[in-house]
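S.K.: Okay, handing you the structure first.
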Amino acid sequence: MRLRITFAKTGALRYTGHLDLHKIWERTLRRAGLPLAYSQGFHPQPKIQIAAALPLGFLGREEIVDIWLETNDSPPPPPDSLQSAAPPGLTILRVEPVPERAPALQTQIAAAEYQVTLLEAGGGSDLERRVADLLAKETLPRERRGKSYDLRPLIQTLACRGASLDMILSAGEGATGRPEEVLDELGIPPETTRIERTRLILKPAIE
Amino acid sequence: MLSPAEIEARLERVLLTVQKPGRYVGGELHSVVKDWESTAVRMVFVFPDIYDIGVSNLGLQILYDRVNARPDALAERAYLPWIDMEERMRANGIPLYSLESKHALADFDLIGFSLPYETLYTNVLNALDLAGLPLRSAERNDSHPLVIAGGHACFNPEPMSAFIDAFVIGEGEEVIHEIMDTVGKFAGRTVSKFTGLQAHMSERANAPTFKRVNALKELAKIPGVYVPRFYDVTYFDDGTIRAVTPNIPEAPQVILKRMVAQLPPPPTRFLVPNIDIVHNRLAIEIMRGCTRGCRFCHAGMITRPVRERSVDEIVAAAEAALQATGIEELALLSLSSSDYTSILDLVTAISEKFAGRHLTVSLPSLRIDTVSLDLMERLKDRRAGGFTLAPEAASERMRRIINKFIPDEQILTTARAIYARGWTTLKLYFMIGHPSETLEDVQAIADLCKRVLAEGRRALGGRAKLHAGVSTFIPKPHTPFQWAAMDTEAQIRLKQDLLKRQLRDRNLKLSWTEPPETLLEAWLSRGDRRLGEVILAAWQNGAKFDAWGDQLRFEAWTSAFAACGLDPAFYTHRPRRPDEIFPWDHIASGVRKKYLLEDYRRSLEGQTRLDCRENCYACGILPTFADERRAHPGPYWKCPEVKSPTKARSGVQ
Ligand code: SF4
């Protein structure tokens, strides 16, 4: 049985990276007593797929993970039973079965929505103008690891709300916008912000 | 001091600029966060190395559980920041803080350092400094927390005696409660049924009745607690000790270690870290103490008597710990697993109970015989593909001297079987520098390694691998070898070079301890009170993380010795008179000094003493702990039964 779990990652878990999050899921599911399916081979690994790596330091409001269990018929476990096995900072929002053969979760992400809180007062003084200027540009040429690319088309939406910024950035293969890059274009040092990924937007399911 | 909220706000600005920020935030499953305001006694445990190493320390896990089980007390944790984080903390005025409530260490009533080994000492000074506390015990006043330390290294507390207010000698499970009771009086907060907690931090400084020195006197009265300021040390002209004398009536002449007659149930609610750490495992102690009597082994001497847990208790604890944590590896710990009486029953029970649950079980410290293979096969511990054995010496003469006598043939037979049953890597541990060792004895290590690898080639061809780990002997306090001089740096290098020359093979990996690491550990292990100034000077010269080979700054130490006018060779390369008073002689492990000396003499004559559970050699443990043995009869202790009527505890030396 394949289950899709929607969860929030907050608190101290903000500083737990992607690989370590795998381990946290494995242990949480073991504590919950679920019969995790393992890969074959000499070093069996539990079958856990996290939709999209959440960069270290980001909070996640609605993250997604797929897990595989060895049972097929039983109803999915209620979120409460998983919650009681979860460490502080991991909040289980929904648990739902998905078709076994649905495409890998990682390939289904179209975009991600972020909310950036500015921690330093004053950082946002002429922010609205800077946001408008940025959106008015046709292109935003940048470099990432020696490769040049255009950030502008990856910004689907960007809006300023008081001391925070909301944005939706594309997240396809080879074309992922990063909130730090947008902040950099706006002249805001990322360490003066708190970034929360509020939602992952999946591609429409193909029937 | 900054408030927890201020500390948290500053942390948020720096955490994303350091490596592995998850080290600095706590929030682990099973960490205990109690209400600060309504808890009367507040302590923080500090493991003086980074989180990755400290968080899995079993001793601290045990004590953390025990203090937090008390309704009147809370225990939090702190670890040393790695160099990048230390730099950010100092630059941003962030004091060392606890992971649970983010209180500055200075806000606690008691700071408890864990000192399992000596190369943590400069980190202790660094921790006190990062906490904004005066380093010297004498300079701290009633507004500062009490600072205690415990762990194996504290069996020679003298080198750190200027910085630590009180040392706990021996096992902490019971004495921690007596300490917390005393610290509670020092803290001066009382909880009233009607109005809640009465006094607050600021009042500690004003509490008229129970000042720091009273608290220390009370602590000195607790058996097993050593308060160095209540002892004076005098020296002979040659620098050796003339006498160690208590200077208040409350301080006992000899501080006998604490020993828990009945091992309490093992902890099961292990902290589950949110990041990868060094030992990702549940550790359950199956037995404490060791009856083998290897003459170089500090742990084997100071943890006597042997006490075992029952198979049922261990299996139940493993089950509970697994359910509580979901951790995928279980280590069954002891100094000598093969000596656990029901080892086969235990291994069978564990392997049956946890079959199919994706649990890796490790059983370190196995004897060199084929029974060990059967045990390992039952546990299917082939994850790393390796099998570890510790012959320690390779010539017959040396094996008699160190009292670990395993004939070559037994080692080769075992190695043959290990390779034949499919383990591709065998790891052998040796030690060079044993008393009276010559180059021939070292050559024997090289020869044995070659013969073992040849066995591997016969069974597996080119796939067979051998890893030889060679450490260097240190004449540790409280062991029969405490009278021996250790090798000089030149001697050590000569021996290591021989091995490096001889053991050149694609399938043979040789690793060794660099002489500076060994020498530093030796000085710190054997030091007296005067070494405190050297430790301080070395820390001021930038020494920290000395246990990390790549961080050790040897010149910081050599120049510290020079600045203090002390010769390091005095501590390590000098043979001792039989009647020399050692800096640690007023600390008693329960094994008599006379027994150790006699055993040292036997060693020089090549006489071994086999497992004492077969034949008690009267090491001193039984008369010292006769009451405890009488109260706990039966096979659970491995010393003989005591039938004689109770008499008062006699002198220990
Ligand atoms: S009293 Fe006897 S049996 Fe007990 S540890 Fe000492 S020598 Fe061994």
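S.K.: How many residues are part of a strand (DSSP E or B) and surrounded by fewer than 18 Cβ atoms within 10 Å (Cβ to Cβ) when one looks only at segment A:70-90?
M.R.: The total comes to 0.
S.K.: Just need a number here: residues in segment A:38-69 that are in a loop (DSSP other than H, G, I, E, B) and within 14 Å of chain B (Cβ to nearest Cβ).
M.R.: Going through segment A:38-69 one residue at a time, the tally reaches 13.
S.K.: Oh, and also: Yes or no: segment B:78-87 includes at least one residue that is among the charged types (D, E, K, R), away from chain A (no Cβ under 14 Å) and without any contact (Cβ under 8 Å) to a residue 12 or more places away in the chain.
M.R.: yes
S.K.: Looking only at segment A:99-121, count every residue that is surrounded by 13 or more Cβ atoms within 10 Å (Cβ to Cβ) and away from chain B (no Cβ under 14 Å) and tell me the total.
M.R.: Initial filter on segment A:99-121 (surrounded by 13 or more Cβ atoms within 10 Å (Cβ to Cβ)): A:105-106, A:108-120.
Narrowing further to those that are away from chain B (no Cβ under 14 Å): A:105-106, A:108-115.
Total satisfying the criteria: 10.
S.K.: Oh, and also: Condition check: in contact with a Phe, Trp or Tyr (Cβ under 8 Å, 6 or more places away or on another chain) and at pLDDT 95 or above. Does B:ILE314 satisfy that?
M.R.: Answer is no for this residue.
S.K.: Out of segment B:562-573, which residues are crowded, with 18+ Cβ neighbours inside 10 Å and either acidic (Asp, Glu) or in contact (Cβ under 8 Å) with a residue 60 or more places away in the chain (or both)?
M.R.: Within segment B:562-573, just B:THR572 meets the criteria.
S.K.: What are the residues in segment B:451-490 that are outside any loop (DSSP other than H, G, I, E, B) and touching a strand residue (DSSP E or B) at 6+ places or on another chain (Cβ under 8 Å), if any?
M.R.: B:VAL452, B:LEU453, B:GLY456, B:LYS465, B:LEU466, B:HIS467, B:ALA468, B:GLY469, B:VAL470, B:SER471, B:THR472
S.K.: For segment B:540-550, state whether one or more residues are exposed (fewer than 15 other Cβ atoms within 10 Å of the Cβ), in a helix (DSSP H, G or I), more than 14 Å from every other protein chain (Cβ to nearest Cβ) and within 14 Å of the ligand (Cβ to nearest atom).
M.R.: No: segment B:540-550 contains no residue that is exposed (fewer than 15 other Cβ atoms within 10 Å of the Cβ), in a helix (DSSP H, G or I), more than 14 Å from every other protein chain (Cβ to nearest Cβ) and within 14 Å of the ligand (Cβ to nearest atom).
This table checks each residue for (1) at pLDDT below 95; (2) surrounded by fewer than 19 Cβ atoms within 10 Å (Cβ to Cβ); (3) touching a Gly at 6+ places or on another chain (Cβ under 7 Å).
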{"site": "B:VAL371", "(1), (2), (3)": "yes, yes, no"}
{"site": "B:ASP374", "(1), (2), (3)": "yes, yes, no"}
{"site": "B:LYS380", "(1), (2), (3)": "yes, yes, no"}
{"site": "B:GLU392", "(1), (2), (3)": "no, no, no"}
{"site": "B:TRP423", "(1), (2), (3)": "yes, no, yes"}
{"site": "B:GLY433", "(1), (2), (3)": "no, no, no"}
{"site": "B:ALA444", "(1), (2), (3)": "no, no, no"}
{"site": "B:LEU453", "(1), (2), (3)": "no, no, no"}
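S.K.: Please state which of the following conditions A:ASP20 fails to meet, knowing it meets all the rest: (1) in contact with a helix residue (DSSP H, G or I) (Cβ under 9 Å, 6 or more places away or on another chain); (2) in a helix (DSSP H, G or I); (3) buried (at least 20 other Cβ atoms within 10 Å of the Cβ).
M.R.: (3)
S.K.: Give the number of residues within segment B:327-368 that are closer than 24 Å to B:PRO305 by Cα and in a loop (DSSP other than H, G, I, E, B).
M.R.: 12
S.K.: Considering only segment B:491-504, how many residues are in contact with a strand residue (DSSP E or B) (Cβ under 8 Å, 6 or more places away or on another chain) and more than 27 Å from B:TYR600 (Cβ to Cβ)?
M.R.: Total meeting the criteria: 2.
S.K.: Return the total of residues in segment B:319-339 being in contact (Cβ under 8 Å) with a residue 24 or more places away in the chain and either within 14 Å of chain A (Cβ to nearest Cβ) or crowded, with 23+ Cβ neighbours inside 10 Å (or both). Lay out the reasoning, then the answer.
M.R.: Initially, segment B:319-339 is screened for residues in contact (Cβ under 8 Å) with a residue 24 or more places away in the chain, giving B:319-322, B:324-339.
Pick out the ones that are also either within 14 Å of chain A (Cβ to nearest Cβ) or crowded, with 23+ Cβ neighbours inside 10 Å (or both) and you get B:319-322, B:324-330, B:332, B:334.
Qualifying residue count for the region: 13.
S.K.: Of all residues in segment B:1-15 being hydrophobic (A, V, I, L, M, F, W, C) and surrounded by fewer than 18 Cβ atoms within 10 Å (Cβ to Cβ), which is nearest to the other protein chains (Cβ to nearest Cβ)?
M.R.: So the residue we want is B:ALA9.
S.K.: Go through B:TRP512, B:TRP483 for me and flag whichever is over 26 Å from B:THR388 (Cα atoms) and of a type in the set (Phe, Trp, Tyr).
M.R.: Every option except B:TRP483 fails the conditions.
S.K.: How many of the residues making up segment A:183-194 are crowded, with 16+ Cβ neighbours inside 10 Å and touching a residue at least 60 places away in the same chain (Cβ under 8 Å)?
M.R.: Of the residues in segment A:183-194, 4 are crowded, with 16+ Cβ neighbours inside 10 Å and touching a residue at least 60 places away in the same chain (Cβ under 8 Å).
S.K.: Next question. B:THR325 - would you say it is polar (S, T, N, Q) and away from the ligand (no atom under 16 Å from the Cβ)?
M.R.: yes
S.K.: Against the condition in contact (Cβ under 8 Å) with a residue 60 or more places away in the chain, of a type outside the set (Phe, Trp, Tyr) and over 18 Å from B:PRO157 (Cα atoms), how does B:ARG592 come out, does it pass?
M.R.: yes
S.K.: With the structure loaded, tell me whether B:VAL147 is β-branched (Val, Ile, Thr) and without any contact (Cβ under 8 Å) to a residue 60 or more places away in the chain or whether it fails that test.
M.R.: yes
S.K.: Of the conditions (1) in a helix (DSSP H, G or I); (2) more than 30 Å from B:GLY54 (Cα to Cα); (3) free of Cβ contacts under 8 Å to residues at least 40 places away in the same chain, B:SER559 fails just one. Which one is it?
M.R.: Answer for B:SER559: the failing condition is (2).
S.K.: Filter segment B:340-369 down to the residues that are within 14 Å of chain A (Cβ to nearest Cβ) and on the phi > 0 side of the Ramachandran plot, then identify the one that is surrounded by the fewest Cβ atoms within 10 Å (Cβ to Cβ).
M.R.: Checked segment B:340-369; the qualifying residue surrounded by the fewest Cβ atoms within 10 Å (Cβ to Cβ) is B:GLY356.
S.K.: Within segment B:371-398, which residues are in contact (Cβ under 8 Å) with a residue 24 or more places away in the chain and closer than 30 Å to B:GLU598 by Cα?
M.R.: B:LEU389, B:ALA390, B:PRO391, B:GLU392, B:ALA393, B:ALA394, B:SER395, B:ARG397, B:MET398
S.K.: Which numbered condition in (1) more than 18 Å from B:PRO228 (Cα to Cα); (2) touching a His at 6+ places or on another chain (Cβ under 9 Å); (3) not small (Gly, Ala, Ser) is the only one that B:ASN156 fails?
M.R.: Of the numbered conditions (1) more than 18 Å from B:PRO228 (Cα to Cα); (2) touching a His at 6+ places or on another chain (Cβ under 9 Å); (3) not small (Gly, Ala, Ser), the odd one out for B:ASN156 is (1).
S.K.: Let me ask something additional. Taking strands (runs of 3 or more DSSP E) that fall entirely within segment A:134-206, which contain at least 1 residues that are among the hydrophobic types (A, V, I, L, M, F, W, C) and not assigned by TED's automatic domain parsing to the domain that holds A:GLU63?
M.R.: In segment A:134-206, A:155-161, A:164-172, A:193-202 are the strands (runs of 3 or more DSSP E) which contain 1 or more residues that are among the hydrophobic types (A, V, I, L, M, F, W, C) and not assigned by TED's automatic domain parsing to the domain that holds A:GLU63.
S.K.: For segment B:21-57, give me the residue count where each residue is buried (at least 20 other Cβ atoms within 10 Å of the Cβ) and within 14 Å of chain A (Cβ to nearest Cβ).
M.R.: Total satisfying the criteria: 12.
S.K.: Consider B:ARG463 against the criteria (1) in contact with a Gly (Cβ under 6 Å, 6 or more places away or on another chain); (2) modelled with pLDDT under 95: it satisfies all of them except one. Which criterion is unmet?
M.R.: (1)
S.K.: Quick one: count up the residues across segment B:574-621 that are within 12 Å of the ligand (Cβ to nearest atom) and either part of a loop (DSSP other than H, G, I, E, B) or in contact with an Asp or Glu (Cβ under 7 Å, 6 or more places away or on another chain) (or both).
M.R.: Looking only at that region, the number is 16.
S.K.: Identify, from the list A:PRO35, A:PRO79, the residue that is within 14 Å of another protein chain (Cβ to nearest Cβ) and modelled with pLDDT under 95.
M.R.: A:PRO35
The values are calculated or read from the model by the stated rules, or taken from the named source; none is laboratory data. Every value quoted in this text rests on a predicted model; they were computed, and no experiment measured them. So basically every Cβ, Gly included, is an ideal-geometry build from the backbone, and we count neighbours across all protein chains shown.
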